[in-house]
1. May I ask you to say which residue of 86, 44 is on the phi < 0 side of the Ramachandran plot and not in a loop (DSSP other than H, G, I, E, B)?
2. Picking from 25, 85, 40, which residue would you name as being closer than 16 Å to residue 114 by Cβ and among the aliphatic types (A, V, I, L, M)?
3. So for region 17-32 (the condition being open to solvent by 70 Å² or more (accessible area, probe 1.4 Å) and part of a loop (DSSP other than H, G, I, E, B)), does at least one residue qualify?
4. Is one or more of the residues making up region 45-65 within 12 Å of the ligand (Cβ to nearest atom), among the aromatic types (Phe, Trp, Tyr) and either loosely packed, with under 14 Cβ neighbours inside 10 Å or over 27 Å from residue 13 (Cβ atoms) (or both)?
5. Just the residues that are hydrophobic (A, V, I, L, M, F, W, C) and within 15 Å of the ligand (Cβ to nearest atom), please, taken from region 19-44.
6. Across region 72-89, which residue is farthest from the ligand (Cβ to nearest atom) among those that are open to solvent by less than 60 Å² (accessible area, probe 1.4 Å) and in contact (Cβ under 8 Å) with a residue 24 or more places away in the chain?
7. Any residue in region 4-11 that is in contact with a strand residue (DSSP E or B) (Cβ under 8 Å, 6 or more places away or on another chain), within 23 Å of residue 111 (Cα to Cα) and outside any strand (DSSP E or B)?
Amino acid sequence: MIEYLSKVMKKYTLGTSKESVMKMIPERSVKKIILGDKNITLVRVAAEFYAFQGYCPHRGAPLYQGSLNNTNEIICPLHQYRFDIRSGEVKAGACPDLETFPTQLKDQGLEISIP
Ligand code: FES
């Protein structure tokens, strides 16, 4: 028997226009946002936005206090594990990958989809 599961995504919109989002989230900044009951880390690189879980899957340090290196990896502030901000893949360290969330910059703001 095959079961089909559908992931229901909730969509949130930050800002009111592309310009307001660009102003709110400066280039290469790492921000904490709360959407529903989830803490999310939001990163901007040029005109791209990446959203992923707020806390490190290793020991739970806040990733929004981490730093971004020049290969677009977030570096956890506690033990310096590194994660690719696009895929969430762990690049240095031994722990699960990050949960990532789709983002889309639209005329009415930045849409972030959360399951
Ligand atoms: S808590 Fe993030 S690397 Fe250990």
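The values are calculated or read from the model by the stated rules, or taken from the named source; none is laboratory data. What you see is a predicted model; the values in this text were computed from it and never measured. Here the Cβ is made from the backbone with ideal geometry for all residues, glycine too, and neighbour counts use every protein chain on show. Surface areas here come from the heavy atoms of the whole protein model, side chains and all, with no ligands, DNA or RNA. Shrake-Rupley method; radii C 1.70, N 1.55, O 1.52, S 1.80 Å.
1. Details: 86 fails: not in a loop (DSSP other than H, G, I, E, B).
Testing whether each residue is on the phi < 0 side of the Ramachandran plot and not in a loop (DSSP other than H, G, I, E, B) leaves just 44.
2. Numbers: 25 fails: closer than 16 Å to residue 114 by Cβ; 85 fails: closer than 16 Å to residue 114 by Cβ.
So the residue among 25, 85, 40 that is closer than 16 Å to residue 114 by Cβ and among the aliphatic types (A, V, I, L, M) is 40.
3. Within region 17-32, the first condition is being open to solvent by 70 Å² or more (accessible area, probe 1.4 Å), and the residues that meet it are 18-19, 23-24, 27-28, 31-32.
Within this subset, residues satisfying the condition of being part of a loop (DSSP other than H, G, I, E, B) are 27-28.
Yes, there is a match, as at least one residue in region 17-32 is open to solvent by 70 Å² or more (accessible area, probe 1.4 Å) and part of a loop (DSSP other than H, G, I, E, B).
4. no
5. Hit for region 19-44 is 30, nothing else.
6. Looking at residues that are open to solvent by less than 60 Å² (accessible area, probe 1.4 Å) and in contact (Cβ under 8 Å) with a residue 24 or more places away in the chain, I get 72.
7. Taking region 4-11 and keeping what is in contact with a strand residue (DSSP E or B) (Cβ under 8 Å, 6 or more places away or on another chain), we get 9-11.
Adding the requirement that they be within 23 Å of residue 111 (Cα to Cα) leaves 9-11.
Narrowing further to those that are outside any strand (DSSP E or B): 9.
Scanning region 4-11, I find at least one residue that is in contact with a strand residue (DSSP E or B) (Cβ under 8 Å, 6 or more places away or on another chain), within 23 Å of residue 111 (Cα to Cα) and outside any strand (DSSP E or B), so the answer is yes.
Quick grid of which residues meet (1) under 16 Å from residue 82 (Cβ atoms); (2) more than 11 Å from the chain's Cα centre (by Cα):
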| position | (1), (2) |
| --- | --- |
| 9 | no, yes |
| 12 | no, yes |
| 20 | no, yes |
| 36 | no, yes |
| 47 | no, yes |
| 51 | no, no |
| 58 | yes, yes |
| 71 | yes, yes |
